[in-house]
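Undergrad: My questions will all concern the structure given below.
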Amino acid sequence: MTRIKTINFGLINNDNMQVFYDSTSFAQYIESQKVLHKTIGFAPTMGALHAGHLSLYEAAKKENDIVISSIFVNPTQFNNPEDLEKYPRTVEADIEKLRNSHLVDAVYIPRVEDIYPNGMKSNHYDFGGIENEMEGAARPGHFDGVGTVVEELFRQVKPDNAYFGEKDFQQLKIIEKLVEVLKVNIKIHGVKIHREDNGLAMSSRNMRLTDREKEVSTVIYKTLKKVNDWFRVISIPEIKNRVTEIFDRKDMTLEYFMIADENTLKEVDFFYEGKNYRAFIVVNVDKVRLIDNMHLK
Ligand code: PAF
């Protein structure tokens with residue numbers, strides 16, 4: 001892989017996107033922007049970029065002087081070694097996409113030692129319990145890994161605003177808690193789920209699906225839409241039965257489906273007026289884990 005380092009602090013525009021591969025040169029860049037009082041919008045990623053990521057930069061560009069992205073496949077948030085190994089890594093193509101998007105001023109692609117100078121281990125966080133629900137229960141240690149990498153990236157990027165997709169709704173809530181716990185002045189923005197024309201939520205993991213698997217996976221979004229129609233009409237346990245029946249099929253496995261309070265992320269069996277609820281679903285197609293969710297109206 002050719003590693004191109006461009007350090008050009010004075011000239012920042014999107015045609016001249018800068019790429020940083022280490023924390024020292026990146027820190028100098030951030031300093032140069034802070035001196036100029038530029039506001040920074042930040043969207044961290046693990047690469048394998050798609051239109052969903054671009055919608056984060058679009059939102060960031062509207063509200064900040066400069067937009068920064070990071071690409072780092074964070075080992076500590078993977079509890080399954082095979083998932084980490086198979087996670088798509090497409091850095092050169094990602095840089096090209098970012099450059100062509102004209103949305104991003106700088107991309108930071110740190111080395112492991114830039115993020116974990118004292119060895120690769122996670123901090124432990126208390127996010128008031130939401131870290132133990134859903135993905136926290138299914139993937140032990142996952143949110144400690146996410147919190148650790150995002151805390152370190154926030155420390156290095158020093159953003160004013162940070163952007164996260166609603167596809168990982170629980171992660172978004174965790175990051176909102178993280179800035180409270182850390183007492184840092186960073187505004188967290190959730191960005192709506194970006195979907196393929198057929199409804200499949202955009203995800204870097206979709207790259208691992210065959211065309212046929214992509215087609216059959218559209219049942220996930222179709223089911224969420226049905227759930228939204230059934231909500232407040234039939235009971236939540238009955239909705240769960242119907243969803244379980246839909247996924248009684250050989251080409252995919254339902255890992256979990258639940259309706260939860262959007263604030264506590266606790267699963268509910270009945271709803272109260274005036275509260276917000278969301279349906280969450282995780283489905284495994286072959287060995288690809290697909291997650292999706294929908295706010296219920
Ligand atoms: O959502 C992701 O891509 C990752 O969890 C994040 C926020 C970049 C942390 O590694």
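Undergrad: Would you order Met17, Met252, Met207 from fewest to most other beta-carbon atoms within 10 Å of each residue's own beta-carbon?
TA: Met207, Met252, Met17
Undergrad: Something else: Rounded to a whole number of µm²/s, how large is the Stokes-Einstein D of the stretch 182-224 at 25 °C and 0.890 mPa s, given Rh as the Kirkwood radius over C-alpha pairs?
TA: 198
Undergrad: Additional query: Using +1 on the beta carbon of Lys and Arg, -1 on that of Asp and Glu, and nothing else charged, what's the dipole of the chain about the Cα centre, debye to 20?
TA: Its charge dipole is roughly 340 debye.
Undergrad: Using the number of other C-beta atoms within 10 angstrom as an exposure proxy, rank His102, His194 with the fewest first.
TA: His102, His194
Undergrad: Go ahead and run the numbers for FRET between Glu215 and Ala27, Cβ-Cβ distance against an R0 of 41 Å, rounding to 0.05.
TA: 0.35
Undergrad: Could you work out the relative contact order of the stretch 82-208? I mean the mean sequence separation of Cα pairs under 8 Å and 6+ apart, divided by the number of residues, in percent.
TA: Relative contact order comes out at 22 percent.
Undergrad: Further question on the same structure: Give me Val35, Val150 sorted ascending by neighbouring Cβ count inside 10 Å, so fewest comes first.
TA: Val35, Val150
Undergrad: Below 8 Å between Cα atoms, with a sequence gap of 6+, how large is the relative contact order for the stretch 18-111 in percent?
TA: Taking the mean separation of contacting Cα pairs over the length of the stretch 18-111, I get 42 percent.
Undergrad: Please report the orientation-averaged projected area of the chain, defined via the convex hull of its C-alpha atoms, in nm².
TA: 15.9
None of the figures in this text is laboratory data; all of them are computed from the coordinates on show. Since the structure is predicted, the reported quantities are computational estimates derived from the model, not experimental observations. Here Cβ is always computed from backbone atoms with ideal geometry, including for glycine, and neighbour counts include all displayed protein chains.
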